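The structure appears below as structure tokens.
The values are calculated or read from the model by the stated rules, or taken from the named source; none is laboratory data. Since we're looking at a predicted model, the values are computed, not measured. Here the Cβ positions follow ideal geometry from the backbone for every residue, glycine too, while neighbour counts run over all protein chains shown. With ligands, DNA and RNA removed, areas are computed over all heavy atoms of the protein, side chains included. Shrake-Rupley method; radii C 1.70, N 1.55, O 1.52, S 1.80 Å.
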There are 2 protein chains.
Amino acid sequence: MRSDLPTFADIRDAAQRIAPYAVQTPLLEHNALNTRTGGRILIKPEVLQRTGSFKFRGALNRLLLIPEGERRHGVVAFSSGNHAQGVAAAAGILGVPSVIVMPSDAPRAKVNGTRELGAEVVFYDRFTDDREKIALGICSERAATLVRPFDDPWVVAGQGTIGLELAQSAAARGIVLDAVLAPAGGGGMVSGVALALSAESPTTEIFSVEPENFDGMRRSLTEGRPTRAPGGAVSVADSLMALVPGDIPFSVARERLASGLVVSDSALLRAVSYAAKQLKLIVEPGGAAGLAALLSGAFDARGKTVAVVLSGGNCDFETVARACAEIVDP
Amino acid sequence: MRSDLPTFADIRDAAQRIAPYAVQTPLLEHNALNTRTGGRILIKPEVLQRTGSFKFRGALNRLLLIPEGERRHGVVAFSSGNHAQGVAAAAGILGVPSVIVMPSDAPRAKVNGTRELGAEVVFYDRFTDDREKIALGICSERAATLVRPFDDPWVVAGQGTIGLELAQSAAARGIVLDAVLAPAGGGGMVSGVALALSAESPTTEIFSVEPENFDGMRRSLTEGRPTRAPGGAVSVADSLMALVPGDIPFSVARERLASGLVVSDSALLRAVSYAAKQLKLIVEPGGAAGLAALLSGAFDARGKTVAVVLSGGNCDFETVARACAEIVDP
């Protein structure tokens with residue numbers, strides 16, 4: 001067992017630390033979704049979180065834990081988008097400079113969003129460059145701190161505050177959660193959620209949801225060790241394209257996740273369309289993975305009480321419009 | 001003074017009555033909106049309410065107050081929009097039949113949506129028929145109860161639960177509201193909100209927001225008596241096209257509203273685009289009137305703490321897509 005893994009106490013501390021800045025997102029229920037799935041579905045809309053995704057939680061927690069003398073040299077992150085905005089926003093709040101290393105084909109909404117938050121954006125080529133090397137180069141030039149998107153105990157603890165809120169909101173309403181579905185890219189969020197619920201609601205089963213061909217968490221859980229997904233084809237879920245979970249997220253998740261679920265691109269777009277038309281929420285394809293698992297039947301919710309994390313809403317609006325036009329009756 | 005006006009106690013009773021079925025919508029805050037307006041803006045997203053609009057609150061409260069012996073004969077409403085769905089959903093919950101009188105050229109989606117909630121739809125000809133007469137005819141045939149969209153004390157009390165929740169959520173977070181902005185069609189909601197806040201937060205100023213040419217509430221407040229707006233051109237806000245406030249809503253509102261604000265169609269569409277892109281919420285043009293007042297400067301929020309009711313999200317998705325395409329940077 002690694003010695004640098006986050007604990008439940010780290011999540012409780014993170015919740016206190018980020019409370020002055022982060023949104024405690026509500027727990028929503030939609031009757032039509034209950035009827036459709038045959039279960040009781042509770043939605044945790046992290047699209048309403050500051051910066052439009054849960055990533056702000058982990059980034060802010062991490063930045064607050066950098067000693068002040070180091071923090072003023074700034075922070076660097078590599079990210080396709082939501083982590084970038086989380087780090088940029090957290091840096092802005094703390095008044096420190098931030099540099100974000102982004103793929104040159106990142107969605108416009110995410111690039112613009114990151115710049116508007118005050119970050120400097122450095123592009124790399126997804127197919128030829130090593131983004132981590134670029135980011136580490138900038139760090140050593142400026143004595144800045146690298147903020148990893150998921151393979152970091154304090155980032156995992158920050159994302160885990162979602163699980164803590166889920167457990168507390170459910171308990172306050174007398175609800176016992178049978179399951180929680182959460183999207184997984186590098187696994188930072190789903191592992192943090194699992195860590196929180198294993199302490200606060202140990203009977204709740206946690207499931208990661210990933211796009212086809214990018215199901216590193218599912219494969220790793222099955223194999224019992226970090227296992228690479230094939231990748232290859234581009235997924236509509238740009239935020240979930242990590243091929244293998246981070247070491248720290250996987251170490252936390254392996255004993256705490258029930259199993260990993262997989263959804264197709266068309267199921268993701270159907271969930272995006274459903275969220276916009278029925279739930280009145282803008283959700284990016286990756287953020288809708290849990291909902292896609294419910295609507296597609298990848299997870300059978302009949303007779304169960306299930307919380308779903310809608311993790312982010314930062315796609316270009318055209319993506320939502322296209323999904324809604326193609327899938328008229330989601 | 002009329003003797004059939006709702007009181008604050010009616011709102012408190014309504015809140016208890018509808019609690020098992022209605023969503024207590026959260027109070028959301030978005031940093032970008034604070035920065036843009038120079039104030040502290042709190043959003044009450046009734047788009048997340050059951051049926052996608054606040055109308056469910058008033059309809060359910062009204063139906064629950066029909067004595068059971070009468071209720072089983074069913075309810076009748078005339079509406080092609082949010083009130084229709086509110087009444088149909090409330091009737092479905094209570095297991096009573098509902099008839100909705102709709103124009104024969106109503107969009108299929110709205111007809112189907114109302115039918116899916118279990119209502120019987122009766123069509124009328126928009127140009128030759130009197131919808132109220134048709135509805136009253138059905139009521140007398142079946143001994144059913146007519147549920148008016150706003151000119152009813154219990155409907156106003158039901159909508160007023162929004163104001164009660166606003167006051168309670170704000171107080172729980174130590175927030176003092178300087179102002180509340182709410183869309184007005186017939187005025188049932190804004191008057192109920194004003195009634196609740198006049199009791200719970202008497203220093204808060206309440207403003208109705210209406211589309212140009214459909215500013216019956218603003219004119220009535222200025223004149224001190226129900227005064228018709230010119231109407232004429234069709235507004236993008238199909239839910240706010242009443243020309244004159246209801247007698248009961250106006251009687252409640254006249255002493256309790258600070259004044260009435262007016263926004264243009266383009267300001268409404270800008271607010272729809274802003275809500276989708278920045279707030280990640282699908283809001284119909286009429287539902288976005290309060291936000292439009294903030295973004296257009298019709299209400300100057302600088303230095304103020306202002307709550308805005310986003311009252312509904314039941315437009316065709318294409319309306320949102322068009323607004324987002326036309327107004328790229330809202």
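Descriptive notes on the structure:
- Positions within the stretch A:7-46 being touching a residue at least 24 places away in the same chain (Cβ under 8 Å), assigned to a strand (DSSP E or B) and open to solvent by 40 Å² or more (accessible area, probe 1.4 Å), in sequence order: A:R40
- Hits in the stretch A:100-110 - residues which are more than 14 Å from chain B (Cβ to nearest Cβ) and more than 21 Å from A:Y21 (Cβ to Cβ): A:V101, A:M102, A:P103, A:S104, A:D105, A:A106
- Residue match in the stretch B:249-259 (condition: farther than 14 Å from B:G224 by Cα and at pLDDT 95 or above): no
Conditions tested, residue by residue: (1) more than 24 Å from B:A321 (Cβ to Cβ); (2) part of a strand (DSSP E or B); (3) among the basic types (K, R).
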position	(1), (2), (3)
B:V209	no, yes, no
B:N213	yes, no, no
B:R219	yes, no, yes
B:T222	yes, no, no
B:F250	yes, no, no
B:A258	yes, yes, no
B:L268	no, no, no
B:S273	no, no, no
B:A276	no, no, no
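- Number of the exception - B:S266 against (1) open to solvent by less than 20 Å² (accessible area, probe 1.4 Å); (2) modelled with pLDDT of 95 or more: (1)
- Hey, B:E120 among the acidic types (D, E), in contact (Cβ under 8 Å) with a residue 12 or more places away in the chain and closer than 27 Å to B:P245 by Cβ or not: no
- Qualifying position, being buried (at least 24 other Cβ atoms within 10 Å of the Cβ), within 15 Å of the chain's Cα centre (by Cα) and part of a loop (DSSP other than H, G, I, E, B), among B:G186, B:G163, B:G158: B:G186
- Looking at B:V306, B:V320, just one residue is within 14 Å of chain A (Cβ to nearest Cβ) and either of a type outside the set (A, V, I, L, M, F, W, C) or under 27 Å from A:R50 (Cβ atoms) (or both), and that residue is B:V320.
- Selection over the stretch B:47-59 of residues that are more than 12 Å from chain A (Cβ to nearest Cβ) and either open to solvent by less than 10 Å² (accessible area, probe 1.4 Å) or of a type in the set (D, E, K, R) (or both) gives a count of 4.
- Of note, B:L261 does not satisfy the criterion of being touching a strand residue (DSSP E or B) at 6+ places or on another chain (Cβ under 7 Å) and buried (at least 24 other Cβ atoms within 10 Å of the Cβ).
- Unmet requirement for A:L291, which otherwise passes all of (1) modelled with pLDDT of 95 or more; (2) open to solvent by 10 Å² or more (accessible area, probe 1.4 Å): (2)
- One residue stands out in the stretch A:224-248 among those that are charged (D, E, K, R) and part of a loop (DSSP other than H, G, I, E, B): the one that is surrounded by the most Cβ atoms within 10 Å (Cβ to Cβ), namely A:R228.
- As for the stretch A:80-89, it holds at least one residue that is within 14 Å of chain B (Cβ to nearest Cβ), touching a helix residue (DSSP H, G or I) at 6+ places or on another chain (Cβ under 8 Å) and touching a residue at least 40 places away in the same chain (Cβ under 8 Å).
- Considering the stretch B:263-279, and only residues there that are within 14 Å of chain A (Cβ to nearest Cβ) and small (G, A, S), the residue that is farthest from A:V283 (Cα to Cα) turns out to be B:S273.
- Which listed residue, of A:E318, A:E284, is outside any loop (DSSP other than H, G, I, E, B) and either under 19 Å from A:K110 (Cα atoms) or among the hydroxyl-bearing types (S, T, Y) (or both): A:E318
- Residue match in the stretch B:60-71 (condition: more than 10 Å from chain A (Cβ to nearest Cβ), closer than 22 Å to B:V99 by Cα and modelled with pLDDT under 95): yes
- Scope the stretch B:205-243; condition among the β-branched types (V, I, T), without any contact (Cβ under 8 Å) to a residue 40 or more places away in the chain and farther than 25 Å from B:T319 by Cα; matching residues: B:T222, B:T227
- Matching residues, the stretch B:84-119, being in a loop (DSSP other than H, G, I, E, B) and of a type outside the set (V, I, T): B:G95, B:P97, B:S104, B:D105, B:A106, B:P107, B:L117, B:G118, B:A119
- Every listed requirement among (1) away from chain B (no Cβ under 12 Å); (2) over 20 Å from A:L195 (Cα atoms) is met by A:I18 save one, (2).
- Search result, residues across the stretch B:120-149 that are in a loop (DSSP other than H, G, I, E, B) and either polar (S, T, N, Q) or closer than 25 Å to B:G187 by Cβ (or both): B:R126, B:T128, B:D130, B:V147, B:R148, B:P149
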